[in-house]
Structure formats: C-alpha cells, structure tokens
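Working notes for the structure below.
The values are calculated or read from the model by the stated rules, or taken from the named source; none is laboratory data. For clarity, every value in this text was computed on a predicted model and none was experimentally measured. Cβ sites come from the backbone with ideal geometry, for glycine too, and all protein chains shown count toward neighbours. Calculation scope for accessible area: heavy atoms of the full protein, side chains included, ligands and nucleic acids excluded. Shrake-Rupley method; radii C 1.70, N 1.55, O 1.52, S 1.80 Å.
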Amino acid sequence: MLIDTHIHLYSQDFENQESELIQQAFDSGVSHFVLPAIDSSSHAGMKRLKQQYPDQVSLMMGLHPCYVKQNFRDELAIVYTELKKGGYVAVGEIGVDLYWDTSTLNWQLEAFRTQIDWALELDLPINIHCREAFNEIFEVLESYRNSGLRGIFHCFTGNLQQAKQAVDLGLKLGIGGVATFKNGKIDTFLHEIPISEIVLETDGPYLAPAPHRGKRNDPAYLRLIAEKVAVIYGISFPEAAQKTTLNAKAIYKI
C-alpha cells in the first residue's frame, strides 16, 4: 500500500468528488493521505476530511510561503494554537517561494524560521515548500544543522548536489509527478540517493504525472509515480511501495 505524503484533498478542484476519488485511490493501492495546510482558510476543509476518513487522512499545520502577507503574524498565531492542540503529524507546508513574489522574502524567512522553531519545540517534522529559493532555504536549514530537525523536502526539483545536501540535513525527498516528466531530470540521478531517503507524493491537484501532465492530479495517480520510482531504482513495484511507505510512516509516525 502507498502513502501520499502531500495532497491538497480539500482543494476546490476536487470539490464534491472526494469520496469517489478517494475510492479510486484505494483501488489503486493508496491507503493514506497527508494533507498540508495553506493558511487558515484551508483548515475547515482539512478537518472535514479528517473527520470523514479518520484512519486514512492525517493533517499538517502551517503557513504556506505564498500566503505570507501583511497579516502573517496573525496567521502564525492561529498555526501555533492549532499545533498546541495536538493531532498534527507535521508542520507544513512551510518554506520560501520566490517564483510568485520576491517582495515578501523577509516575511517568508521569518515565518519559515518561526515554524521550524515550533516543529523542534513540539518534536514534529517539517514539510518544506521551495520554489526558486534553494539558496535561501538551505541557508536557513544549515543554521539548524544538528538541532534534530527532520522532515520532507516536498516536491523536490533540485539537482543531485542539492538532493545530497537535503538528505545530509536530515530531510527525506518528496518525489512526485516531476519524476515522470521527460525534462524533469530527477529520474537521471535519483538512483544515486538511497531509496531509504525518499517518500512519494502527488501534490494533487497540481503536477500530475505523465501521461496526465497538465491535467488535474488525482489521488490515484500516486501509483504512476511509485511505478516510475520502481523503474528508476531497478526494483519491483511492491518493493518500491513497501520501502517508501515505511519511510513515510517513520517520518510522520503514522
């Protein structure tokens, strides 16, 4: 069975189809879904799905860098209140995104560090969002080296050197649809990273794997990613599924 370590199941793209899509995923061998928070507007949808599927859905709590606006400290206060309630498997998704807006970099960095501190305080892993910000992300992470910080570098799209650096810092690599793209490049070096250091994700509804690239990324498509990973590592699909699932269970304590 497979674990989707990062999927926005509460997205409007899935609205009114969740039960059907989740059943399709079950039929494809996907047994569990971990949902990241975006900002406070995502919390109700996340909690509803957790209530509906208590054994199949786990929740993260965090403030996504693209939603770090002028009121970000108010949003962070909500995040901390939620984290203190317990029941969350990670602090996420958090990080830095310089693709959409570079003007909020200092706010993003403050939010990132604050949430890392909370993860360490509460003994939770982090789930990192990084877009066009590898230097900024690694500069922050290096300052936490040997702190016990752990987590997942979600939707990893870096090169081999960056992959090794992330692993060296105690992070697993979140491998998704990009691994199936012809120009994704990850498939050319991923085999040099031990399979013990990767987990699988869809990031649905975004980044659908081939042959569905450019369309909605359904939960069932995690199987396509797992099949590609099996090919990359030259192992059977059941072995790839078992190993990546054990990795996900260990990091999230599912």
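Points worth noting:
- Within region 90-108, restricting attention to residues that are closer than 23 Å to residue 8 by Cα and open to solvent by 40 Å² or more (accessible area, probe 1.4 Å), the residue that is farthest from the chain's Cα centre (by Cα) is 101.
- When residues of region 179-191 are limited to those that are open to solvent by 10 Å² or more (accessible area, probe 1.4 Å) and in contact with a helix residue (DSSP H, G or I) (Cβ under 6 Å, 6 or more places away or on another chain), the one nearest to residue 28 (Cα to Cα): 180
- Residue within region 84-101 that is part of a helix (DSSP H, G or I) and farther than 21 Å from residue 143 by Cβ present: yes
- Close contacts from region 37-48, counting a first residue that is free of Cβ contacts under 8 Å to residues at least 40 places away in the same chain and in a helix (DSSP H, G or I) and a second that is of a type in the set (Phe, Trp, Tyr) and open to solvent by 20 Å² or more (accessible area, probe 1.4 Å), with Cβ to Cβ under 7 Å and a gap of 6+ residues or different chains, come to 42/10; 45/10; 46/10.
- Residue tally, condition open to solvent by 60 Å² or more (accessible area, probe 1.4 Å) and touching a residue at least 24 places away in the same chain (Cβ under 8 Å), over region 53-69: 2
- Filter result (open to solvent by 10 Å² or more (accessible area, probe 1.4 Å) and touching a residue at least 60 places away in the same chain (Cβ under 8 Å)) within region 13-30: 13, 24, 27, 28, 29
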